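Structure, as structure tokens:
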Amino acid sequence: MLNPTKRDRALLYAGIIAFALFAVVPYYWILRTSILTNFAAISPDTGFLPLGELTLDPYFAVWADFAFPLYFRNSIIVAFGATLISLFFAIPGAYAFARLDFPGRQALFYTAVFTIMFPWIVLTIPVYEVFYFLNLVNTLPGIVIALSIFVLPQNIWLLQGFFRQGIPENIEEAALIDGHNELTAFMRIVLPLSAPAIGAAALFAFLTAWNNFLWVFVLTSDEGVRTATVAIHYILGSDVLREWNTLMASVVLLVAPPVIFYGLSRRYLGEGLGGSPGG
Amino acid sequence: MAQLELDKVTKVFDDSSGTIVAVEELDLDIDDGEFVVFVGPSGCGKSTTLRMVSGLETITDGEIRLGGERINEQSPKDRDIAMVFQSYALYPHKTVRGNMAYGLQLSTDLDDQEINRRVEEAADMMGIEDLLDKKPASLSGGQQQRVATGRAIVREPAVFLFDEPLSNLDAKLRKHMRTELARIHSEVGITTIYVTHDQEEAMTMADRIVILNDGRLQQVGTPKEVYYEPNNRFVADFIGSPSMNFLDVKLDRDGTGSGTLVGDEVSYKVSDGMVGNLDDASSDLVLGVRPENIRIEAGAPPEKSIEATVDVVEVIGSDNFIYLDLAGQEFRVRTPSEIEPEEDETVTLTFDEENVHLFDARTGDALVHGRSQASVSAPPEQSDTAAD
């Protein structure tokens, strides 16, 4: 007979394991399908662990049959471009919202926050019109600009919270007394201390831009400026015999860079979200 | 060399919620090498004044001069000041050495060797030589406080500014650091402004105490002056712990020059010396007497005594604090520890005339102090607000 504490603990673990399986199985299925032959992928006889029928062909097929290197290149340009540009504007913007008192500060801030919650799809037609007018449709700069703009509010929101709570004002004041002016205090003291939060903001910006479907889909029609996310939609929607293994292989390839990016920045991310400057 | 003068310094905060006058026409001269403590309740303007001196806050009106030179428009880095913050404000990404050296690196052209020498000298003075290569996060509160003070000392500024530097420490460490800061001040002899809300800290450390309330100067004086001859009721109440007892009384003159202070269940005879110092118009008065000046004495002369009922006796070891009920008002007495009356017991209290303070009931201004037996010189115009 188990004592109550042990029994509770066993039940807890059983629950956690069940939940973990529930969460993990779809990912496992994607991985499993991506390394099967097309026939095995759609056959009901293929088991959960089809050890005999594994192949990396779908990955080569993705690379060979579709212009994935190009799509990936576009995705990387777009995601890094949007991340950098949005951070370039979000850092000073967030700092201003957190520290300065200027007329209209609250109204502007709530406008920015509101745009995070605003359903983007409602804006597709006016945005398309504006970008068409500016000759930015079907160009990579156009996509970068669009994504930067839509990532900007979330970055501002994330960073202003950090500047407000994570960096005591006294530290900046100490820097002013030590010999900095407002600008150099910001550059030399605030920015280095904000690295974790900026890392977190960069990660979110990168993920949002990398995964973005809507704006790339709306603003591009040429294959040459298509990103991987939208390309998968076209693979899925192509009228050839649907190749689930190739599709899943492309999904795995699509998910890999953000996961790697997260892995690299994880050390900073927790601190950034925790809102405290790194010790 | 580093005389600091505040000339009608005013600070007004204007924001959407309205206009707040944080500091109003503050006049103050601080001599070279003096240790001045600003004290007052929260929101009295003491920190704002300090921040105006540091340059972190702009000055709405008036002038601040350091060594005779107007510094209103100078940025903090050009003012030759160093400041210690309540939160210490150490740079978390720099080592203790880096924190202490940073100001010298930025604002002087000393070479690394000289900077290092000064950092080590200051570290030695603060007893933090062993911590020089650690980051602030790994230090205790007391150690961080030392580093913050060391960072200020190393600059060898014209003025030190301390903004409640000991508030985040526990009581024992606070007392220890208090002594230490006083020792350092006597060693380096730099003009110092120290802000605190703790009147005990102010009394023990200051050459002169500046008492502020609602942005207005209440009194400037040595610890003894503000204790024995408070300018007004606010100062009398704020300085001293437990705080002074106040009783509303009227003066009955008996025609021979002396008189009796009469209030609810109170009657206290005062000499002609004291009465003589009150002008004829003053009749509504407040009698102030400190808890430590009151004795419980069964055989006290009836014309110099008050009867009250014991509410609570607080034993603190060296003394007892006795809280009594006098006509529905709390009355506090501090007695030696062997005197410990029962609760609900009615006791006879007495005090000497030299410990009596009389205030104007309407304005709160001090009219006469028993100790000096002399009329208080005209109080500064700011003090007429204490009763507002």
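The values are calculated or read from the model by the stated rules, or taken from the named source; none is laboratory data. Note that this is a predicted model, so its numbers are computed, not measured. FYI the Cβ positions are ideal-geometry reconstructions off the backbone, even for glycines, and counts take in every protein chain you see.
Before moving on, here are some points about what is shown:
- Residues within region B:72-91 that are among the polar types (S, T, N, Q) and within 7 Å of chain A (Cβ to nearest Cβ), tallied: 2
- Residue list for region B:60-78, filter: within 26 Å of residue B:197 (Cα to Cα) and surrounded by 20 or more Cβ atoms within 10 Å (Cβ to Cβ): B:64, B:66, B:76
- Scope region B:125-136; condition within 13 Å of chain A (Cβ to nearest Cβ) and surrounded by fewer than 16 Cβ atoms within 10 Å (Cβ to Cβ); matching residues: B:134
- Summed over region B:94-110, residues that are of a type in the set (A, V, I, L, M) and under 19 Å from residue B:129 (Cβ atoms) total 4.
- Number of the condition not met by residue A:146 [criteria: (1) within 17 Å of residue A:225 (Cβ to Cβ); (2) without any contact (Cβ under 8 Å) to a residue 40 or more places away in the chain]: (2)
- Any pair with Cβ under 9 angstrom, 6 or more apart, that starts in region A:186-198 at a residue that is within 11 Å of chain B (Cβ to nearest Cβ) and among the polar types (S, T, N, Q) and ends at one that is assigned to a helix (DSSP H, G or I) and buried (at least 19 other Cβ atoms within 10 Å of the Cβ): A:194/A:91; A:194/A:95; A:194/A:159; A:194/A:162; A:194/A:163; A:194/A:166; A:194/A:272
- Subset of region B:102-119 [surrounded by fewer than 22 Cβ atoms within 10 Å (Cβ to Cβ) and within 11 Å of chain A (Cβ to nearest Cβ)]: B:105, B:106, B:107, B:108
- All conditions but one from (1) small (Gly, Ala, Ser); (2) surrounded by fewer than 18 Cβ atoms within 10 Å (Cβ to Cβ); (3) within 14 Å of another protein chain (Cβ to nearest Cβ) apply to residue A:161; the one that does not is (3).
- Set B:122, B:152: member being part of a helix (DSSP H, G or I), within 28 Å of residue B:34 (Cβ to Cβ) and within 14 Å of chain A (Cβ to nearest Cβ): B:152
- Test set (1) within 11 Å of chain B (Cβ to nearest Cβ); (2) without any contact (Cβ under 8 Å) to a residue 40 or more places away in the chain - residue A:122 fails condition number: (1)
- Scope region A:85-111; condition of a type in the set (A, V, I, L, M), in a helix (DSSP H, G or I) and surrounded by fewer than 15 Cβ atoms within 10 Å (Cβ to Cβ); matching residues: A:107
- Every residue from region A:112-133 that is surrounded by 12 or more Cβ atoms within 10 Å (Cβ to Cβ) and either of a type outside the set (Phe, Trp, Tyr) or over 18 Å from residue A:214 (Cβ atoms) (or both): A:112, A:113, A:115, A:116, A:123, A:124, A:127, A:130
- Residue match in region B:326-348 (condition: assigned to a loop (DSSP other than H, G, I, E, B), buried (at least 19 other Cβ atoms within 10 Å of the Cβ) and of a type outside the set (Val, Ile, Thr)): no
- Within the set B:51, B:65, the sole residue that is closer than 30 Å to residue B:230 by Cα, among the basic types (Lys, Arg) and within 14 Å of another protein chain (Cβ to nearest Cβ) turns out to be B:51.
- The one condition in (1) assigned to a helix (DSSP H, G or I); (2) without any contact (Cβ under 8 Å) to a residue 60 or more places away in the chain that residue B:236 fails to fulfil: (2)
- If you check A:88, A:97 for being modelled with pLDDT of 95 or more and either over 30 Å from residue A:243 (Cβ atoms) or not aromatic (Phe, Trp, Tyr) (or both), only one passes: A:88.
- If the condition is being more than 8 Å from chain A (Cβ to nearest Cβ) and part of a loop (DSSP other than H, G, I, E, B), then region B:92-101 contributes B:94, B:95.
- Among the residues of region A:210-247, the one identified as farther than 21 Å from residue A:124 by Cβ, of a type in the set (S, T, N, Q) and surrounded by fewer than 21 Cβ atoms within 10 Å (Cβ to Cβ) is A:238.
- Of the residues examined, residue B:286 is one that is part of a strand (DSSP E or B), β-branched (Val, Ile, Thr) and buried (at least 20 other Cβ atoms within 10 Å of the Cβ).
- Scope region B:249-261; condition surrounded by fewer than 17 Cβ atoms within 10 Å (Cβ to Cβ) and not in a loop (DSSP other than H, G, I, E, B); matching residues: B:250, B:252, B:253
- Contacts under 7 angstrom Cβ, first residue in region A:168-180 being more than 7 Å from chain B (Cβ to nearest Cβ), partner modelled with pLDDT under 95, 6 or more apart: A:172/A:185; A:172/A:189; A:172/A:190; A:175/A:185; A:175/A:189
- A single member of A:152, A:136, A:203, A:207 is assigned to a helix (DSSP H, G or I), surrounded by fewer than 20 Cβ atoms within 10 Å (Cβ to Cβ) and more than 9 Å from chain B (Cβ to nearest Cβ), and it is A:207.
- Filtered residue count, region B:28-72, keeping only those that are hydrophobic (A, V, I, L, M, F, W, C) and touching a Gly at 6+ places or on another chain (Cβ under 8 Å): 2
- Residues in region A:30-81 that are in a helix (DSSP H, G or I) and among the charged types (D, E, K, R): A:32, A:53, A:57, A:65, A:73.
- Check on residue A:193, touching a helix residue (DSSP H, G or I) at 6+ places or on another chain (Cβ under 7 Å) and crowded, with 18+ Cβ neighbours inside 10 Å: no
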